[in-house]
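Here is the structure we will look at.
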Amino acid sequence: MPPPLFARHGTNRLEEDLPLRFLRALVPMLSACVPVGMCLFALQHAPLHPHQPERAAHILTMVEHDGAAQTAQTLSRHKGWGDVQHAVASGQPAAARLVPALLPAADSHTTHTLYKTMQSALPAHPAIVLAATKQGGPMQADVQAVCSPAGMSRTWRQQARQAVAHVHDVHLSERVQRCLNRLSG
């Protein structure tokens, strides 16, 4: 004999209520997870080294006391090249002394990475990036390489050209001109 009609409705009703109960349980969990997720996202994009300028100054002190070669080895062993990259990318004045001192002692991968970091930082911090370059020696950051538009977007090129054109430091005038020539050519 078939079950009574109200029992069928009761079963279907329970089946229909199950997704609603699940959603009711899920809403408080989501309302708790969203703020936590936002906090984690903010932490992920926060500076990793809040004392970065002190770190760059410490690396400069290491170069002065231990020499560039020993400091480069120490940075490689302790994965400290990121501090140098951060100094360049954030336009810290210490970067203008760090890069020329350490670049001759860096391996080829690190050299390439530093060039790319300098190239990326050029529109935001042109004076620091240009001050970190040296004219002449093949093992030092070369203006031609840093100002090369190869592989960079048109927007980067326009921003870099505009930023470099606004550098009016007499000590950098020749580098500014060489960089503008490279960006235009």
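Looking only at region 51-74, filter to residues that are closer than 18 Å to Ala96 by Cβ and hydroxyl-bearing (Ser, Thr, Tyr); which one of those is most open to solvent (accessible area, probe 1.4 Å)?
Ranking the qualifying residues of region 51-74, first place goes to Thr61.
Looking only at region 158-183, filter to residues that are open to solvent by 70 Å² or more (accessible area, probe 1.4 Å) and touching a helix residue (DSSP H, G or I) at 6+ places or on another chain (Cβ under 7 Å); which one of those is modelled with the lowest pLDDT?
Arg182
Within region 124-145, does at least one residue satisfy the condition of being within 15 Å of the chain's Cα centre (by Cα), at pLDDT 90 or above and open to solvent by 30 Å² or more (accessible area, probe 1.4 Å)?
Taking every residue of region 124-145 in turn, at least one turns out to be within 15 Å of the chain's Cα centre (by Cα), at pLDDT 90 or above and open to solvent by 30 Å² or more (accessible area, probe 1.4 Å).
The values are calculated or read from the model by the stated rules, or taken from the named source; none is laboratory data. None of the values given here were measured: they were computed from a predicted structure. Quick reminder, even Gly has a Cβ in these numbers, built from the backbone with ideal geometry, and neighbours come from all protein chains shown. Please note that ligands, DNA and RNA were not included when accessible areas were found on the heavy atoms of the full protein model with its side chains. Shrake-Rupley method; radii C 1.70, N 1.55, O 1.52, S 1.80 Å.
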